[in-house]
Amino acid sequence: MSTEASKNSEVLLRVEHLKNYFPVRQGLLSRVTAYVKAVDDISFEIGVGETLGLVGESGCGKTTVGHSVLRLINPTEGTVLFQGKDLTHLPAAELRAMRQDMQIIFQDPFSSLNPRMTVGAIIGEALAIHGRGDRKERAEMVRDTMQKCGLDPAYINRFPHEFSGGQRQRIGIARALVLSPKFIVCDEPVSALDVSIQSQIINLLVELKERYNLAYLFIAHDLSVVQYISDRVAVMYLGKIVELADSTELYRNPLHPYTQALLSAVPVPDPTRRKQRTLLPGDVPSPLNPPSGCRFHTRCPLAIDICKKVEPRELDVEGHKVWCHVVEEQITGSPPSS
Amino acid sequence: MILGLFGLLVGLAGWHAGTLWDTLAHTLEKLFGANVPYTLRDLDFLVSTLFLLGMLAALVLYSGLSCQRIRQADRTAQGPERQWSIVKRQFLKNRLAVAGALIILALYLVAFLCPFLAPYDPVEQGDRVQERLLSPSAEHLLGTDRFARDVFSRIIYGSRISLLVGFLAMGLAVTLGTAVGAVAGYYGGWVDSVIMRFVDMMLSFPTLILIITVIALWRNQSIWIIITLIGLMSWMGVARLVRGQFMALKEREFFQAARALGAGTGRLIFQHLLPNSLTPIIVSATLRVGNTILLEASLSYLGLGVQPPTPSWGNIVYDTKGNLFTEWWMPLAAGMAIVITVVGYNLLGDGLRDALDPRLRE
Amino acid sequence: MHTYIIRRILISIPLLFGLLTINFFLIHAAPGDPTDIFYNPDMDPEARENIRRIYGLDQPLGVQYLKYIQGVVLKFEFGYSIAKKRPVKDEILEALPNTIQLSALALLLELSLGIGIGILAAVKQQSTFDNATRVTALTFYSMPSFYLGLVLLFLFAGGVSATHWFPASGMVDIVRHESMSTLGRLGDRAIHIFLPSLTLGIGAAAGISRYMRGELLEVIRQDYMRTARAKGLTERVVVFKHGLRNALMPIITIMGLSLPFLFSGAVIVEQVFGWPGMGRVAVDAAFQRDYSMFLAVNLIFGAMVVVGNLVADILYAMVDPRVRLS
């Protein structure tokens, strides 16, 4: 635990044993017959000004994590401590006050802006909700924030449909930034954008983070985007974190076979280096009936017998955490006990 | 020309305001007196109210539009085309829709200008011996009925009933339906289930028969009761529509963003969900007006609607259907007025839908 | 699939009870009472009470309600019609088949005309035929059924002597029907039902054809239609095999939903053509304030709608594999 949030000693967000189960109803009386375990017991921490990358294939539950952390959906179990307060059981009024410090940027810049509101109204809405300033001051703050996010303040009365995708994403960032929060969930903020625009947005996010000491939970489905912006990276598979380590450490020395497979898919801008590609067989299993034991065993190239039966434990190698029987055996030298 | 038109409107407004004042006391007395059949003066009151409200709405709309135009002028010329102008162009391109709009406009004008347009008093009976059941002529364009009343004048005055019923019943239905649908869609879960089962049940009643039941049992055929009943039986479609819209919008990221900002229920509904549901609500409201008019006409045709001597198109047909094989022009002309009006509303609704629905836009 | 059907049936039962309950209390909340028609101003108050006792109107509302439900559910009894002086059941059993006959024929017309014209209009989109049918359909859709009935009456049943082909009212020729041969009787019935069912059917068909056209156009835009064309299938196969199947499914639901309108229309049409069905019974009951008759009429129409929707939903489940599997 000592190496958690290594850069800053102060912990901003601590998520413990977070679970999100969605009931599946069937039959005559709509009885709950099963649960989709979108998020199944995950824990992590984010320090002040730190960025945690959260990576996984689509459907692995990473967006659910992002929404649960902000309590946009109520977690089934677990605690989310933000600045020491447990959000999961906070009364509505207190939660609303807390929202000034934690915000979210969405994936789709076309669906994330209300088409009936002007840019000024969209960005200024947060100020109106939390009663900051009067009309004039608010307009000034909106203009100011637009400028910070690389938007021309003259566009304040325009409607979202008059902007390009990249500009719209900037509006979304301005909306999250206007209250000067301490923490922002970035829910795949660039995956819907053209590649040429992606780097601009990423650069903007990095710049803002350094200027305002922001902490990010940066969700993405490919490692290359996350690499650049994150201090630490967590890899998720089917509702569980399989590996969590310092960004540079993870890329240099990926331990989990799933992380290795993901990394081998990242293109390297070096034609002389021939990579060995690990291709995963089959599809992601349904979270409705996740495989027993280690959830990755159905597609794992290294799977051994025990993987089918026993869930792997957390193995902490100097702050580099991994959940894998095979790795555990290699490192500790002893066969994993059941 | 615009000044002249404006002068005309102001004049009309003044005239209607006068009528309004004149009939207010009379109508209040009516409202609280039991079972007094209402008269043409009540109608004057209603129509005047509507007209003044319409004027007010037009003024607000006009000032809003000119504000927008000024703001627009500030912007660079090569900016993307305004959403509204696309809609306007699409609508004007659709000739049928424009025709529908013109029909409705004409209906409104006729309803407001009844006293100037109708050559005779619609209820005053002429000489029952000499002027009864006359054929169409220059004096009586559509002849006279068995009480020697001028049928043409009666049809002109009948437009008021259709206008009122269409407007008020639809207004009631849309308000009620939006409220119910909004609650079901916003809260979801068991609230939604309970409400939607109730909507299903309401949809199972054959509307006309239930209205007949209530009207017959309460022995009250005032236009208020009829409009209320029609409104109370027509909101279910709107409720379903609004619920569906809300459900879909709740999945959109801007709604989640507003929640993340800490927006409360009121703001979420009135700032985010409702404005984005307005387009389909307006379209369905327009398409529904026709149905409410048809419902009133059917009631009147059964003799259970608006009571004579007040003319409504439905009760003119009811009154004169016995003359179908001889003085056929009377029932057929009154019925034709209904058809034209409802066609107008439906053309307008179709046109609005085509213009506002981006899926159909090339 | 089976659970779906069973659940759908179970949902219908409270629906019917709700219908019955609302009706019962609505009618009893009305001022006045059904024995009013026996009264005259100088009637002995005791005689009045007697009449009320005979018809069970002196009992508490709750008791009347329970007795009524018991009668309907167990014995299909709907009480006694005071105005008609006979059991409601008899009156209903006489009128109901006539209405069903009329509505069924109208439904048949509605579907065949509506779907047929809708398909043609969609396939020949923007053609003269499409535009003409669109305007025609809109006109009929916007026409009150009594007006269409009167126009047809005027044109074909007496107004124009050259085309006086059909009788103006009734189900059979009252004078000559008994003396006709079997074939003649059938023909007599046919010419009597023709205009009413046409009136009822055309109005509904207009709505269906508008819907069908829109639905098919929507389907034609889909990618799988383009794929089918790209495979080299003929236009006919594409439209009828790939397009129609998908466009027809919502029509089943619409058909179920259109039943209340069909029945409402039947009330009017029966009035126009003097058809001795449930609509006539309903309007008579309205004017005579015949409580029990009303309850029965409302309940039966409501039940027919509920059952109609049930059948439509089950049909839909059978056609749509997505519902079938879940």
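The values are calculated or read from the model by the stated rules, or taken from the named source; none is laboratory data. Treat the numbers as computed from the prediction; the structure is a model and nothing was measured. Reconstructed Cβ throughout: ideal geometry from the backbone, glycine too, with neighbour counts over all protein chains shown. Only protein heavy atoms, including side chains, enter the accessible area calculation; ligands, DNA and RNA are left aside. Shrake-Rupley method; radii C 1.70, N 1.55, O 1.52, S 1.80 Å.
Descriptive notes on the structure:
Residues checked against (1) at pLDDT below 85; (2) in contact with an Asp or Glu (Cβ under 8 Å, 6 or more places away or on another chain):
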| position | (1), (2) |
| --- | --- |
| C:220 | yes, no |
| C:229 | yes, yes |
| C:232 | yes, no |
| C:237 | yes, no |
| C:243 | yes, no |
| C:252 | yes, no |
| C:256 | yes, yes |
| C:260 | yes, no |
| C:278 | no, yes |
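Per-residue answers, yes or no, for (1) of a type in the set (Asp, Glu); (2) under 25 Å from residue A:34 (Cβ atoms); (3) assigned to a loop (DSSP other than H, G, I, E, B); (4) modelled with pLDDT of 80 or more:
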| position | (1), (2), (3), (4) |
| --- | --- |
| A:262 | no, no, no, yes |
| A:266 | no, no, yes, no |
| A:270 | yes, no, yes, no |
| A:280 | no, no, yes, no |
| A:285 | no, yes, yes, yes |
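- The one condition in (1) surrounded by fewer than 24 Cβ atoms within 10 Å (Cβ to Cβ); (2) modelled with pLDDT of 85 or more; (3) farther than 13 Å from residue B:233 by Cβ; (4) within 15 Å of the chain's Cα centre (by Cα) that residue B:167 fails to fulfil: (2)
- Listed by first and then second residue, the pairs linking a residue in the stretch C:17-32 that is facing chain B (nearest Cβ under 7 Å) to a residue that is part of a helix (DSSP H, G or I) and of a type in the set (Lys, Arg), with Cβ atoms under 6 Å apart and 6 or more places separating them unless they lie on different chains, form an empty list.
- Among the residues making up the stretch C:209-253, a single one is within 19 Å of residue C:134 (Cα to Cα), open to solvent by 40 Å² or more (accessible area, probe 1.4 Å) and of a type in the set (Lys, Arg): C:210.
- Within the stretch B:108-124, if we keep just the residues that are in contact with a Ser or Thr (Cβ under 8 Å, 6 or more places away or on another chain), open to solvent by less than 60 Å² (accessible area, probe 1.4 Å) and assigned to a loop (DSSP other than H, G, I, E, B), the residue that is farthest from residue B:312 (Cα to Cα) turns out to be B:118.
- Residue match in the stretch B:129-144 (condition: open to solvent by 20 Å² or more (accessible area, probe 1.4 Å) and not in a loop (DSSP other than H, G, I, E, B)): no
- Residues in the stretch B:314-329 that are under 30 Å from the mean Cα position of the chain (by Cα) and of a type in the set (Val, Ile, Thr): B:316, B:317, B:320.
- Scan of the stretch A:169-187 for residues that are away from every other protein chain (no Cβ under 11 Å) and not aliphatic (A, V, I, L, M), ordered by number: A:169, A:170, A:180, A:182, A:183, A:186
- For residue C:117, the conditions (1) closer than 21 Å to residue C:283 by Cα; (2) of a type in the set (Val, Ile, Thr); (3) touching a residue at least 12 places away in the same chain (Cβ under 8 Å) are fulfilled apart from (1).
- Members of the stretch C:81-97 found to be buried (at least 22 other Cβ atoms within 10 Å of the Cβ) and charged (D, E, K, R), listed by number: C:91
- Of the residues making up the stretch C:259-293, those that are in a loop (DSSP other than H, G, I, E, B) and within 15 Å of the chain's Cα centre (by Cα) are C:275, C:276, C:277.
- Exactly one residue out of C:256, C:207 is assigned to a helix (DSSP H, G or I), touching a Gly at 6+ places or on another chain (Cβ under 8 Å), within 13 Å of chain B (Cβ to nearest Cβ) and under 30 Å from residue C:167 (Cα atoms), and it is C:207.
- Taken together, the criteria place residue A:175 among residues that are modelled with pLDDT of 90 or more and either surrounded by fewer than 23 Cβ atoms within 10 Å (Cβ to Cβ) or assigned to a helix (DSSP H, G or I) (or both).
- Residues (in contact (Cβ under 8 Å) with a residue 24 or more places away in the chain and in a helix (DSSP H, G or I)) located in the stretch C:140-156: C:140, C:141, C:145, C:146, C:148, C:149, C:150, C:152, C:153, C:156
- Any hit, the stretch C:173-181, residues being among the β-branched types (Val, Ile, Thr) and not in a helix (DSSP H, G or I): yes
- Some residue of the stretch C:58-78 being in contact with a strand residue (DSSP E or B) (Cβ under 9 Å, 6 or more places away or on another chain), at pLDDT below 85, closer than 19 Å to residue C:288 by Cβ and not in a helix (DSSP H, G or I): yes
- Residue C:287 being open to solvent by 70 Å² or more (accessible area, probe 1.4 Å), on the phi < 0 side of the Ramachandran plot and within 11 Å of chain B (Cβ to nearest Cβ): yes
- Of residues in the stretch B:168-217 being of a type in the set (Phe, Trp, Tyr) and out of contact with any helix residue (DSSP H, G or I) (no Cβ under 7 Å at 6 or more places or on another chain), the one farthest from residue B:246 (Cα to Cα): B:198
- Within the stretch A:114-147, the set of residues being part of a helix (DSSP H, G or I), within 9 Å of chain B (Cβ to nearest Cβ) and crowded, with 21+ Cβ neighbours inside 10 Å comprises A:122, A:125, A:126.
- Scanning the stretch C:117-153 for residues that are of a type outside the set (S, T, N, Q), more than 22 Å from residue B:344 (Cβ to Cβ) and more than 13 Å from every other protein chain (Cβ to nearest Cβ) yields C:117, C:118, C:119, C:120, C:122, C:123, C:124, C:129.
- For the stretch A:296-338, filtering for residues that are open to solvent by 80 Å² or more (accessible area, probe 1.4 Å) and charged (D, E, K, R) leaves 7.
- Highlighted here are the helices (runs of 4 or more DSSP H) found entirely within the stretch B:261-362 that include at least 3 residues which are more than 10 Å from every other protein chain (Cβ to nearest Cβ), crowded, with 21+ Cβ neighbours inside 10 Å and among the β-branched types (Val, Ile, Thr): B:274-301.
- Qualifying residue in the stretch A:106-113 (condition: in a helix (DSSP H, G or I) and either closer than 22 Å to residue A:201 by Cβ or within 14 Å of chain B (Cβ to nearest Cβ) (or both)): no
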